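Contents: one structure, followed by commentary.
Since every read-out is calculated from the coordinates, none of them should be taken as a lab result. Small disclaimer: the values here were computed from a predicted structure and weren't measured. Cβ coordinates were reconstructed from backbone atoms using ideal geometry, including for glycine residues, and neighbour counts include every protein chain displayed.
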Amino acid sequence: MAVRGLLLYSAFALAFVGIGVLSYDRPTARGSYFVSLPETFDSTSPQQVHISLVGNDKMRISWITEDQTPSTVQYGTSPGKYESSATGNSSSYKYLLYKSGEIHDVVIGPLKPNTVYYYLCGVGSAPEYSFKTPPAQFPINFAVVGDLGQTEWTNSTLQHMAKSNYDMLLLPGDLSYADTVQSLWDSFGRMVEPLASQMPWMVTQGNHEVEKIPIIHSHSFTSYNARWHMPFEESGSGSNLFYSFEVAGVHVIMLGSYTDFDPSSAQYKWLQSDLQKVDRVKTPWLVVLIHAPWYNSNTAHQGERESIDMKAAMEELLYEARVDLVFAGHVHAYERFARVYKEQANNCGPVHITIGDGGNREGLANDYIDPQPKISVFREASFGHGQFEVVNATYARWAWHRNDDNESVMADSVWLTSLASDPT
């Protein structure tokens, strides 16, 4: 199907998808482009390879083949030498008239920290891939980007990220912007493979992952859950839509803005339990990711329940746990707030950062509320990505890099002190 046809179908399907009412006029949209399967690939060639962290010393390797092949990964610490192997499983899903390829899911390990591993997906397959495991202790550097999509701006963002020395990517929702057009999920997987096969991508869902069409397709998150299996089981969660993990002294919590979050919900009860288990001696930094921002001075996405009601339900939990940062997407612009709680500056509250400016086709959210609230420190409607470098148990540096004329420009930066080490 041609790209124009895909986008027309997407627009039609979105008329039925309940993803919230837009509260502003978007700038001129940028069309998605489609990354096709190379002609040299056959039905058993691995494609859309991406990796994600599982526990302290394991990695999930995910890939897709057109036909069934063994779900086996061979790996080792030298190119072309694979001392170890692991076998997992494969699955597929249907969405309307679409049927996915075989989605392979293999967990390998135990692995050494801060080490390069070389691996093959499948038996006797090519090419060889490689990844580097995160460090076991500080420092650690995270790339952070939301609302990626598939445009020229997306490519620019990915290229800038590739030049940075990051250990892991955190993505607060809205990945492919497939919006029910399943072949765009395949395109997205091919687009991000060069990076996602080398460094772990830890993601949560956004509104563009819902893909629920009343009567026609009644289940939410079908594609997302099938393609992006995150380590929810290891954190005691019963859903791929919310989970946590620890890496190099940082406890990261991924929450779901588009699943139940009220005090009686499974997500709320899981969050309570997870926060109680956090050991700030072992993980002095505590970071949370959501999709719909709780603090936002842009005219975009004001008044949505995923922001207002989730904040009302959960903000106190995060405050009492002394969460350091909350990253969000959804609004297609960048904004950094002061430490805040209940709409007021508060030295014991988290820093809220909106980073929904990865490069999506819908364009930037250019209009901000005037005057700028005192708790809003920096805001700008530009595409870009962030880098969160945790130097040690006490200090970390946050920097936002704007994509300006295809050059990465550091437009905002700040040094942060962990609330676990701050006596105030």
Once the Cα gyration tensor of the chain is diagonalised, what are the square roots of 5 times its eigenvalues, in whole Å and ordered largest first, as equivalent ellipsoid semi-axes? 31, 26, 20
Simple Cβ-charge dipole of the chain, Lys/Arg +1 and Asp/Glu -1, about Cα centre, in debye nearest 20: 420 debye
Tell me, what are the semi-axes, in whole angstrom and largest first, of the equivalent ellipsoid of region 47-132 as set by the roots of 5 times the Cα gyration tensor eigenvalues? 24, 14, 10
Residue farthest toward the positive end of the dipole of the chain, with Cβ of Lys/Arg at +1 and Asp/Glu at -1: which of Gln205, Asn298, His104? His104
Reciprocal mean inverse distance between Cα atoms of region 304-346 - Kirkwood radius, Å: 11.6 Å
Taking the Cα centre of region 239-392 as the origin, how large is its charge dipole in debye, to the nearest 20, when only Lys and Arg (+1) and Asp and Glu (-1) carry charge on their Cβ atoms? 360 debye
Label Ser273 and Asp105 with points 7 Å out from Cα along Cα→Cβ: what is the distance between them in nm? 1.9 nm
Within the set of other residues whose C-beta is less than 9 Å from the C-beta of Ser71, count the net charge using Lys and Arg as +1 and Asp and Glu as -1. -2
Using Cα pairs closer than 8 Å and at least 6 residues apart in sequence, work out the relative contact order for the chain, in percent. 17 percent
A chain fully extended from Thr87 to Asp57 at 0.36 nm per residue, minus the present Cα-Cα distance, gains in nm 9.1 nm
Say R0 is 25 Å: what FRET efficiency, to the nearest 0.05, do Val414 and Gln137 get from their beta-carbon distance? 0.60
Have a look at Ser187, Val391, Ile353 and report the one farthest towards the positive end of the charge dipole of the chain, computed about the Cα centre with Cβ charges (Lys/Arg +1, Asp/Glu -1). Val391
Cα extents of region 212-327 along the principal axes, largest first, in whole Å, come to 49, 34, 25
Mind putting a number on the dipole of region 47-132 about its Cα centre? Charges go on the C-beta only, +1 for Lys and Arg and -1 for Asp and Glu, and I need it in Debye to the nearest 20. 220 debye
Computed E for Asp422/Asp262 - FRET, C-beta separation, R0 35 angstrom, nearest 0.05: 0.65
